[in-house]
Amino acid sequence: MTVARSFSAGDTRRHVVVIGAGAVGSATAVEALRAGLRVTVVEPGEPGGPQATSYGNAGWLSSHSVVPPALPGAWRKVPGWLADPLGPLALRWRYLPRATPWLLRYLASGWTEARVQRTADAPALHAQLAAEAGVPQLIEQRGLLHAYRSREEFEGDALGWRVRGRVGIRWEEWNDDELRRREPDLHARYTLGIFVPEAGHCRNPGAYVAALARHARDAGAERIAARATGFRIEGGRLRAVRTEAGEIACDAAAVCAGARSGPLAAAAGSPVPLESERGYHVVVEDATAGPRTPTMVADGKLIAHWMDGGLRAAGQVEIGGLEAAPDWRRAEILHRHLQSMFPGLATVAPSVPSPSVKHWLGHRPSMPDGLPCIGPAAASADIVLAFGHGHVGLCGSARTGRVAAQLLAGATPEIATTPFDPRRFS
Ligand SMILES: Cc1cc2nc3c(=O)[nH]c(=O)nc-3n(C[C@H](O)[C@H](O)[C@H](O)COP(=O)(O)OP(=O)(O)OC[C@H]3O[C@@H](n4cnc5c(N)ncnc54)[C@H](O)[C@@H]3O)c2cc1C
């Protein structure tokens, strides 16, 4: 399964512009080349660089992440979210008027099985893409662990686990002894482990995306370092993508700009309720203790695991828009929690700037119903929207790339895209 070769003058292939080179855009570029299309990627930053959410995530590749954060009854927690600016899910007061319509839809949404269909074979798809891009070592299949302090705490998540069970996700239960044996560094307050063997993990999401972008370039994709600003559409046909560096004439385009896709979707006739769920990470480069398995803890709502650069803890949800300055206290909370999970970690004060501790803020591109937008735009079917993957965009990117490329090529997508239709919000 090789990607098509480079193009030259007189190239008659259908020319598609992929806007954004995060996980979704880079996978789309690779798949579009494979589908025989000529590809130009428009991205102002380095593909997979820290400006992309794909750079700093927790690296989980698992269909068991099907459960959206807003389970039924989540609305009862809103007063607490407003009152506690440093809780795992926080709303910035000043941004509340803008976020309210999105929040109301978010709180009203439940889980859906379509999300599972999208992610079920994600580890295998990513392993294949990574091998093709020359970085097979970045995708690991080690399973994932949820650590709980008690059975009561686990039962507090019962709805989520029922949903997972119903859609065929299997797990093992580790009792206290087994948890100690498997995770000797983990704090003794965790007494119950739920281990999901099928799950995968990416040990350097930024490097993985960069490798996909390089792979696309080697196969002939052109890269324009600019920001896309809109489209030239004539009689329902796309003629060009407008960028800060001028127009790029093309036959089709994919909007894969993550949390910044909203204005482009609107310019393509499809305004959608896209919001940033801001998240943070901390990387402790010289960590001396940590998990054997990528681990999520219910008490801190964070995921911790070793990445190429050190021990990373990623999490937090903050509704505050794309432009507000980072609140690094959130990364410090992650750091403090990491230290409390693994008492063997050197106890450097989390707020002390240190060359070996890195902080990062990213923007999950989130739709209120927890499903991405994948499908043609209203103003022209030549424009394919492919964004909005929220908490599972790394995981979902491999499948989305294939489906977006099929839509760009005018082929029937390999999965039903109706649940993801951008028109569901109109
Ligand atoms: C803390 C945290 C933990 C997470 N953990 C996980 C996890 O474990 N597993 C998982 O699957 N997902 C996880 N996610 C979610 C995942 O990271 C995102 O869903 C995913 O990275 C989105 O990918 P994307 O390609 O759509 O967007 P991005 O990675 O943000 O890429 C979009 C790209 O578009 C570019 N761009 C923006 N505007 C323009 C424009 N106008 N023109 C051209 N280019 C533009 C940007 O520069 C960027 O490079 C996590 C997210 C966070 C914040």
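The residue that is nearest to the ligand (Cβ to nearest atom), among those in the stretch 382-416 that are surrounded by 23 or more Cβ atoms within 10 Å (Cβ to Cβ) and of a type in the set (S, T, Y), is S397. When restricted to residues that are of a type in the set (A, V, I, L, M) and surrounded by fewer than 24 Cβ atoms within 10 Å (Cβ to Cβ), the stretch 14-36 contains 1. If you scan the stretch 240-257, which residues turn out to be open to solvent by 20 Å² or more (accessible area, probe 1.4 Å) and closer than 19 Å to V24 by Cα? Once the filter is applied, which keeps residues that are open to solvent by 20 Å² or more (accessible area, probe 1.4 Å) and closer than 19 Å to V24 by Cα, the stretch 240-257 yields only A257. Apart from one condition, A314 fits all of (1) part of a strand (DSSP E or B); (2) touching a residue at least 40 places away in the same chain (Cβ under 8 Å); (3) away from the ligand (no atom under 14 Å from the Cβ); the exception is (3).
Pick from the stretch 307-340 the residues that are farther than 30 Å from A99 by Cα and surrounded by fewer than 18 Cβ atoms within 10 Å (Cβ to Cβ): which of them is modelled with the lowest pLDDT? Filtering the stretch 307-340 for residues that are farther than 30 Å from A99 by Cα and surrounded by fewer than 18 Cβ atoms within 10 Å (Cβ to Cβ), the one modelled with the lowest pLDDT comes out as G309. Restricted to the stretch 27-121, the set of helices (runs of 4 or more DSSP H) holding at least 2 residues that are at pLDDT below 85 comprises 78-83, 96-108, 113-119. Screening the candidates L212, L238 for the property of being closer than 15 Å to S54 by Cβ and aliphatic (A, V, I, L, M) yields one hit, L212. Pairs meeting the criteria (first residue in the stretch 124-153 and under 30 Å from D177 (Cα atoms) and part of a helix (DSSP H, G or I), second residue among the hydrophobic types (A, V, I, L, M, F, W, C) and modelled with pLDDT of 95 or more, beta carbons under 7 Å, at least 6 apart or on different chains) are R151/L192. Residues of the stretch 265-292 that are in a helix (DSSP H, G or I), open to solvent by 20 Å² or more (accessible area, probe 1.4 Å) and over 14 Å from R227 (Cβ atoms): A266 alone.
The rows are residues; the columns are (1) assigned by TED's automatic domain parsing to the domain that holds W306; (2) closer than 17 Å to A122 by Cβ.
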residue	(1), (2)
R329	yes, no
E332	yes, no
R336	yes, no
K358	yes, no
P372	no, yes
G375	no, no
D382	no, no
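Here is a check on your reading of the model: is L394 within 29 Å of L238 (Cβ to Cβ), out of contact with any helix residue (DSSP H, G or I) (no Cβ under 9 Å at 6 or more places or on another chain), among the hydrophobic types (A, V, I, L, M, F, W, C) and not assigned by TED's automatic domain parsing to the domain that holds R149? No, not satisfied. Of the residues contained in the stretch 264-285, none is found to be on the phi > 0 side of the Ramachandran plot and within 15 Å of the ligand (Cβ to nearest atom).
The values are calculated or read from the model by the stated rules, or taken from the named source; none is laboratory data. The model shown is predicted, which means the values in this text are computed figures rather than measured ones. Don't worry about glycine lacking a Cβ; one is built from the backbone with ideal geometry, like all the others, and counts go over all protein chains shown. Note: accessible area is taken over every heavy atom of the protein model, side chains too, but ligands, DNA and RNA are not part of it. Shrake-Rupley method; radii C 1.70, N 1.55, O 1.52, S 1.80 Å.
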